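Novice: Would you mind keeping the following structure in view while I ask a few things?
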Amino acid sequence: MDVRDAAQAIECALRYEARGKDGFFITSDETVMSAPTNELLVQFFHDVERRSSFTGNEVVLSNDKAKRVLGFRPSHHWTDGK
């Protein structure tokens, strides 16, 4: 994850008015691996049941809740500038 996106996530979390506790996965939208996520799962986690399929280098942990609740929007990709 790009440090600018991590800083944005912290800022969003500090502005979030929560009562009690809440949990979020703060992730980029894509992995830093050159191989697609599905290929990596087959290679390294072939015995693990799959409940969904992944497109390209999509991350395995969803950041949808952080986007929906906190307004988190990762915008810097590891492939930028290459």
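What follows draws every value from the coordinates through simple rules; no lab data is involved. None of the values given here were measured: they were computed from a predicted structure. Backbone-built Cβ (ideal geometry, glycine too); neighbour counts: all protein chains shown.
Rundown of residues vs (1) of a type outside the set (Ser, Thr, Tyr); (2) surrounded by 11 or more Cβ atoms within 10 Å (Cβ to Cβ); (3) within 20 Å of Gln8 (Cβ to Cβ), yes/no style:
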{"site": "Phe25", "(1), (2), (3)": "yes, yes, yes"}
{"site": "Glu30", "(1), (2), (3)": "yes, yes, yes"}
{"site": "Glu39", "(1), (2), (3)": "yes, yes, no"}
{"site": "Val42", "(1), (2), (3)": "yes, yes, no"}
{"site": "His46", "(1), (2), (3)": "yes, no, no"}
{"site": "Arg51", "(1), (2), (3)": "yes, no, no"}
{"site": "Phe54", "(1), (2), (3)": "yes, yes, no"}
{"site": "Gly71", "(1), (2), (3)": "yes, yes, yes"}
{"site": "His77", "(1), (2), (3)": "yes, yes, yes"}
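Novice: Between residues in the range 38-57 that are at positive phi and residues that are surrounded by 10 or more Cβ atoms within 10 Å (Cβ to Cβ) and in a loop (DSSP other than H, G, I, E, B), which pairs lie under 6 Å by C-beta distance while being six or more apart or on different chains?
Specialist: Listed pairs, sorted by first residue: Gly56/Pro36.
Novice: Tell me, yes or no, whether the range 18-28 has at least one residue that is among the β-branched types (Val, Ile, Thr) and assigned to a loop (DSSP other than H, G, I, E, B). Outline the logic, then answer.
Specialist: Going through the range 18-28, the residues among the β-branched types (Val, Ile, Thr) turn out to be 26-27.
Filter once more, keeping what is assigned to a loop (DSSP other than H, G, I, E, B): 26-27.
The answer is yes, given that some residue of the range 18-28 is among the β-branched types (Val, Ile, Thr) and assigned to a loop (DSSP other than H, G, I, E, B).
Novice: Could you say whether any residue in the range 7-30 is within 17 Å of the chain's Cα centre (by Cα) and hydroxyl-bearing (Ser, Thr, Tyr)?
Specialist: Yes, the range 7-30 has at least one match.
Novice: While we're on this one: In the range 31-62, what residues are more than 17 Å from the chain's Cα centre (by Cα) and among the β-branched types (Val, Ile, Thr)?
Specialist: Val42, Val48
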